[in-house]
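Q: Can you read through this structure? Questions will come right after.
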Amino acid sequence: MAQATGSINSDYKDWEWSDDAGERARLLQSPSVETVPKNSESQGNGLGATSALGAVFIVVNAALGAGLLNFPAAFSMAGGVAAGIALQMCMLIFIIGGLVILAYCSQASNERTYQEVVWAVCGKVPGVLCEVAIAVYTFGTCIAFLIIIGDQEDKIIAALVKEPEEVGSSCWYTDRKFTISITAFLLILPLSIPKEIGFQKYASSLSVIGTWYVTAVIIIKYIWPDKELVPVEIPTSPSTWTAVFNAMPTICFGFQCHVSSVPVFNSMKQPEVKTWGAVVTAAMVIALFVYTGTGVCGFLTFGAGVEQDVLMSYPSNDIPVALARAFIILCVLTSYPILHFCGRAVLEGLWLRYTGVTVEEDVVRERRRRLLQTISWFLLTLLLALFIPDIGKVISVIGGLAACFIFVFPGLCLIQAKLSEIQETRAISWWAQVSYGVFMVTLGAFIFGQTTANAIFVDLTA
């Protein structure tokens, strides 16, 4: 993108509070990223230690996650393999574009996290909306994580006690609500309370191993299916043209790595927009192959009857799949505290902003407030997870918010950044970039509105 002299929200008083919300900025960084302070004198001489190849790995890791399990069902909702792949390819162009825009605006504003870029470039109102969206998104993702734990534990327990799967749990200690609750209270809550989370770096590697293993199992099970597998109906086209849009929340949820992309960009040895474009293109192509492999093979194995969580479609006594379930549980157990940490950090920042208190002044009350925030967050997510039947219901809601992070906020940032440039004459490229930003905002608003309305009037009222 062309560089020009400009001023992006030069009234620093509107967004200087980001330094006061001390915990917030650090927690929204990718677990694998280390950056230096933005005022470091080393700027321009290599801000970080991450190579381009390392950045590719980190972005892939940020993109791959629990949404993987929902892709076969998304292909089914879209109406088949052709429709699902075509939708992914079309959206991928704008997903990559959003990542490049964020890097450009991060460089222009000298900010190092997603929400601070939005604050600096777009101003107070979009900044607050962005932070609220991050809090709601992380809250919804935590609910999805607990539902996934319940799904996997149901199958593992069914295999251990050798109960018929269609009968359900006959004992209170194998009941789904009990197993989710006991796992959450004994493992997740203790990991969520600390002020600092030092194990984030290990969760990164664990998640990568788990997602790749799940993909490998699903592909292998399609190539060499079990003899007991009954042939199923495979839809080849969507029932209606609007059915394709049903897959959008899952695709947005799966490819959403934009919130953690800004610190990854700033952690690179050479944080240049051109290099970053190559990094995110390579990363998204890798993620595309993983998601497509899982979606296509899972869908072709079970057809229209595939579960929202594809692992639930496999029998409980399948050993390789049981290992995949164990991997997923471990990934979720470490990922929930990290996502909760991000949401709590945003809430903390908003609280400090509107009370006008700095971190140093409010340190005495911090522990009490942190405990209250953590326990409230934990109990609400657990309560909702116990009564929401599958992850598809959650993803249909938070997938629309993911579209805001992918399309709406980057589009707004691009528009504002270009409007802030001081130019005597505005070239065609300037108008093209502004038009692209307007299109991204429009597309994101459409996806958000369509998926949210569909979730409310179809899924949640079913």
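Q: Here are some conditions: (1) at pLDDT below 95; (2) surrounded by fewer than 21 Cβ atoms within 10 Å (Cβ to Cβ); (3) under 18 Å from the mean Cα position of the chain (by Cα). I96 meets all but one. Which one does it not meet?
A: (1)
Q: When you go through (1) touching a helix residue (DSSP H, G or I) at 6+ places or on another chain (Cβ under 7 Å); (2) without any contact (Cβ under 8 Å) to a residue 24 or more places away in the chain one by one for V125, which number turns out not to apply?
A: So V125 meets the others, but not (1).
Q: Among the numbered conditions (1) of a type in the set (A, V, I, L, M); (2) touching a residue at least 60 places away in the same chain (Cβ under 8 Å); (3) within 21 Å of C342 (Cβ to Cβ), tell me where I85 comes up short.
A: In the conditions (1) of a type in the set (A, V, I, L, M); (2) touching a residue at least 60 places away in the same chain (Cβ under 8 Å); (3) within 21 Å of C342 (Cβ to Cβ), I85 misses (3) alone.
Q: Restricting attention to the stretch 356-400, which residues are small (G, A, S), surrounded by fewer than 18 Cβ atoms within 10 Å (Cβ to Cβ) and modelled with pLDDT under 95?
A: Selection gives G356 alone.
Q: Please determine whether any residue of the stretch 401-410 is modelled with pLDDT of 95 or more, more than 20 Å from the chain's Cα centre (by Cα), in a helix (DSSP H, G or I) and crowded, with 19+ Cβ neighbours inside 10 Å.
A: no
Q: I'd like to know if the stretch 217-239 contains one or more residues that are of a type in the set (S, T, Y), in contact (Cβ under 8 Å) with a residue 40 or more places away in the chain and touching a Phe, Trp or Tyr at 6+ places or on another chain (Cβ under 6 Å).
A: Checked the stretch 217-239: no residue is of a type in the set (S, T, Y), in contact (Cβ under 8 Å) with a residue 40 or more places away in the chain and touching a Phe, Trp or Tyr at 6+ places or on another chain (Cβ under 6 Å).
Q: Just wondering, is there one or more residues in the stretch 310-325 that are farther than 16 Å from V217 by Cα, assigned to a helix (DSSP H, G or I), in contact (Cβ under 8 Å) with a residue 24 or more places away in the chain and small (G, A, S)?
A: Taking every residue of the stretch 310-325 in turn, none turns out to be farther than 16 Å from V217 by Cα, assigned to a helix (DSSP H, G or I), in contact (Cβ under 8 Å) with a residue 24 or more places away in the chain and small (G, A, S).
Q: With the condition kept exactly as written, say whether any residue in the stretch 249-260 is of a type outside the set (D, E) and modelled with pLDDT under 80.
A: Among the residues of the stretch 249-260, not one is of a type outside the set (D, E) and modelled with pLDDT under 80, which makes the answer no.
Q: Can I ask one more? Name the single residue that is nearest to I422 (Cα to Cα) among those in the stretch 90-116 being among the hydroxyl-bearing types (S, T, Y) and in a helix (DSSP H, G or I).
A: The qualifying residue nearest to I422 (Cα to Cα) is S109.
Q: Still on this structure: Looking at the stretch 21-28, is at least one residue buried (at least 20 other Cβ atoms within 10 Å of the Cβ), at pLDDT below 50 and small (G, A, S)?
A: Yes, the stretch 21-28 has at least one match.
Q: Would you call I422 touching a residue at least 60 places away in the same chain (Cβ under 8 Å) and farther than 22 Å from A144 by Cβ?
A: It is true that I422 is touching a residue at least 60 places away in the same chain (Cβ under 8 Å) and farther than 22 Å from A144 by Cβ.
Q: In the stretch 142-152, is there at least one residue being in contact (Cβ under 8 Å) with a residue 40 or more places away in the chain and either surrounded by fewer than 20 Cβ atoms within 10 Å (Cβ to Cβ) or among the hydroxyl-bearing types (S, T, Y) (or both)?
A: Checked against the condition, which is being in contact (Cβ under 8 Å) with a residue 40 or more places away in the chain and either surrounded by fewer than 20 Cβ atoms within 10 Å (Cβ to Cβ) or among the hydroxyl-bearing types (S, T, Y) (or both), the stretch 142-152 yields no hits at all.
Q: The conditions are (1) within 26 Å of E228 (Cα to Cα); (2) buried (at least 16 other Cβ atoms within 10 Å of the Cβ); (3) touching a Lys or Arg at 6+ places or on another chain (Cβ under 9 Å); (4) not acidic (D, E), and N317 fails exactly one of them. Which is it?
A: Condition (2) is where N317 drops out.
Q: Looking at this structure, is I415 out of contact with any Ser or Thr (no Cβ under 7 Å at 6 or more places or on another chain), crowded, with 19+ Cβ neighbours inside 10 Å and assigned to a helix (DSSP H, G or I)?
A: Spelling it out, I415 is indeed out of contact with any Ser or Thr (no Cβ under 7 Å at 6 or more places or on another chain), crowded, with 19+ Cβ neighbours inside 10 Å and assigned to a helix (DSSP H, G or I).
Q: Moving on to the next point. Which residues, counting only those in the stretch 246-266, are farther than 19 Å from F446 by Cβ, buried (at least 24 other Cβ atoms within 10 Å of the Cβ) and of a type in the set (S, T, Y)?
A: S261
Q: Let me ask something else. For residues in the stretch 135-180 being over 14 Å from Y336 (Cα atoms) and of a type in the set (S, T, N, Q), which is modelled with the lowest pLDDT?
A: S169
Q: Against the conditions (1) free of Cβ contacts under 8 Å to residues at least 60 places away in the same chain; (2) farther than 25 Å from P235 by Cβ, where does T50 fall short? Just the number, please.
A: Result: T50 fails condition (1) only.
Q: Which of the residues that make up the stretch 286-295 are surrounded by fewer than 18 Cβ atoms within 10 Å (Cβ to Cβ) and touching a residue at least 24 places away in the same chain (Cβ under 8 Å)?
A: Selection gives I286, G293.
Q: I've got another one for you. Filter the stretch 420-434 for residues that are in a helix (DSSP H, G or I) and exposed (fewer than 13 other Cβ atoms within 10 Å of the Cβ) and give the result.
A: Scanning the stretch 420-434 gives I428, S429, W431, A432.
Q: Tell me which residues, restricted to the stretch 397-432, are of a type in the set (F, W, Y) and closer than 14 Å to Y114 by Cα.
A: F405, F407, F409
Q: Quick check on the stretch 117-130. Is at least one of its residues out of contact with any Pro (no Cβ under 8 Å at 6 or more places or on another chain), under 18 Å from F253 (Cβ atoms) and in a helix (DSSP H, G or I)?
A: Yes, the stretch 117-130 has at least one match.
Q: While we're here: What are the pairs, 6+ residues apart or on separate chains, where a residue within the stretch 167-180 that is among the acidic types (D, E) has its Cβ under 7 Å from a residue that is modelled with pLDDT under 80?
A: Sorted first by the residue in the stretch 167-180, then by its partner, the pairs are D175/S169.
Q: Can you tell me which residue is nearest to the chain's Cα centre (by Cα) among those in the stretch 436-458 that are surrounded by 12 or more Cβ atoms within 10 Å (Cβ to Cβ) and small (G, A, S)?
A: The residue in question is G444.
The values are calculated or read from the model by the stated rules, or taken from the named source; none is laboratory data. Keep in mind the model is a prediction, meaning the values are calculated, not measured. Every residue, glycine among them, receives a Cβ derived from its backbone with ideal geometry; neighbour counts consider all protein chains shown.
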